[in-house]
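The values are calculated or read from the model by the stated rules, or taken from the named source; none is laboratory data. Computed from a predicted model, the values in this text were never measured in an experiment. Cβ placement follows ideal geometry from the backbone for every residue including glycine, while neighbour counts extend to all protein chains displayed. Surface areas here come from the heavy atoms of the whole protein model, side chains and all, with no ligands, DNA or RNA. Shrake-Rupley method; radii C 1.70, N 1.55, O 1.52, S 1.80 Å.
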Amino acid sequence: MTVNAVGIYEKALPAGLTWEETFDLVHDLGFNFLEFSVDESDERLARLDWTESDRASFRDAMWRTGSRINTLMLSGHRRFPLGSADPAVRAKALDMMAKAVDLAVDLGIRNIQMAGYDVYYEPKTESSREWFIENLRTCVEMAAKKMVMLSIETMDDPFLNSLSKVDYLKTQIHSPFLQAYPDVGNLTAWPENDVAHEIESNIDNIVAVHLKDTKPVTADFPGQFKEVPFGDGTVDFEAVLRLFRRLDYNGSYTVEMWTSKSADPIAEVRAAKAYFDGLFDRVGITQEPVLGRAA
């Protein structure tokens, strides 16, 4: 029997809650864990500089509510990319990673998910690729020393939009602490990807999976990679989940969604969870029991 933990992306939940309220809500909604966000906003980047007291308060809230964080999503590198032409930005990106590794250690997070962009707001060049790889090697060394996994997400950007490209990257940086975090929506949206073959050929590199729907890239449409309601895009979730089950994948799944525009975010998340509960039951994936606070 395949048993998997299922988590929810932090940005799917209402803002303004305390951490205890957030963790209790995660369990009430039927999820095993929260995916913690350090994005490119000043507010979330400031988490990298949390004080010892801040970190202790967060840990206490986790422990009181029987919670854990499986993954830190470090998308802040989109603003401060490892492949930037500006050496000051590259230095900032490395400093962010050093702080993220320390934060992960302090909060008991095992996996830092990295955005697979060489650059995002700058022109892509051969140099941006080389700087990215050189600096990623440094990031992996930082993480490995403290036993933290780095996993590259397959992206909404052609630079690293497939598991095959992440696998090739691993031929340049040899470390068990560099792995892959496929977003099944992003994988599906790129017409050059054979999704089943990508997963089958790279299952040994996959440590976590994002469940997100998308609309595909075409000759006259750039694709839609965010805020596509589940079932309205072109991801064949049943086939993908059945494939992961056949391959005995035991890592976690995270439902990735955004609800800032929703009139009722909690209802929207409940509907998404019910959607996936039905799919898990159909393909034979058992979710890890949701524990929460001790009775």
Problem set entry | MET147 accessible area, assembled protein chains, probe 1.4 Å, Å² | 140
Exercise. Pulled fully out, how much extra length does the chain show between GLU288 and ASN250, if you take 0.36 nm times their separation in residues and subtract their Cα-Cα distance?
Worked result: 12.6 nm
Problem set entry | Label zone at ALA15, where the point sits 7 Å out along the Cα-to-Cβ direction: region 33-66 residues whose backbone N lies under 12 Å | 41-44
Exercise. Where in region 216-295 are there trypsin sites (Lys or Arg not before Pro) that are in a DSSP coil and have at most 16 other Cβ atoms within 10 angstrom of their Cβ?
Worked result: LYS226, LYS261, ARG293
For this session: Report relative contact order for the chain in percent, whole number only (criteria: Cα-Cα under 8 Å, sequence separation at least 6).
Result: 23
Problem set entry | Inter-label distance for ALA91 and GLU43, nm, one decimal - labels placed 7 Å from Cα along Cα-to-Cβ | 3.0
Problem set entry | Antiparallel DSSP beta bridges within region 2-287, percent to nearest 5 | 5
Problem set entry | Theoretical ellipticity at 222 nm over the chain - DSSP helices of four or more residues, -39500 (n - 2.57) apiece, nearest 500 | -13000 deg cm²/dmol
Problem set entry | For mean projected area of the Cα convex hull in nm², calculated from these coordinates, the label among (1) 15.3; (2) 17.7; (3) 19.8 | (1)
Exercise. For labels at GLN172 and ASP106 in the simple 7 Å Cα→Cβ model, what's the distance in nm?
Worked result: 3.2
Exercise. Tell me, what % of the accessible area of the chain is carbon and sulfur with a 1.4 angstrom probe?
Worked result: 52
Seminar exercise, completed: HN-Hα couplings for region 81-96 via Karplus (6.51, -1.76, 1.60; θ = phi - 60°), in whole Hz with x for Gly/Pro, come out as x, 5, x, 4, 6, 8, x, 5, 5, 4, 5, 4, 4, 5, 4, 4
Exercise. Counting only residues 5 or more places away or on other chains, whose amide H sits under 5 Å from the amide H of GLN113 once H atoms are built in the peptide plane?
Worked result: LEU72, MET73, LEU74, SER151
For this session: Compute the signed sum of charges (Lys and Arg +1, Asp and Glu -1) over the other residues within less than 11 Å, Cβ to Cβ, of GLN287.
Result: -2
Exercise. Among LYS124/LYS145; LYS146/LYS212; LYS165/LYS226; LYS92/LYS215; LYS11/LYS170, which pairs are too far apart, with a Cα-Cα distance over 25 Å?
Worked result: LYS124/LYS145; LYS146/LYS212; LYS92/LYS215; LYS11/LYS170
Exercise. Applying the Karplus parametrisation 6.51 cos²θ - 1.76 cosθ + 1.60 with θ = phi - 60° to the phi angles of region 3-10, what ³J(HN,Hα) value in whole Hz is obtained for each residue in order, glycine and proline being reported as x?
Worked result: 10, 10, 7, 10, x, 10, 5, 3
Seminar exercise, completed: Extend 7 Å from the Cα of ALA98 along its Cα-to-C-beta direction; within region 118-144, residues with backbone N under 18 Å of that point are 134-144
Exercise. Using the heavy atoms of the protein chains alone and a 1.4 angstrom probe, what is the accessible area of region 2-287 per residue in square angstrom?
Worked result: 42
Exercise. Quick one: net charge of SER175's neighbours, Cβ under 15 Å, K/R +1, D/E -1?
Worked result: 0
Exercise. What net charge is computed for the residues neighbouring ARG59, neighbours being all others with C-beta under 11 Å from the C-beta of ARG59, Lys and Arg scored +1, Asp and Glu -1?
Worked result: -1
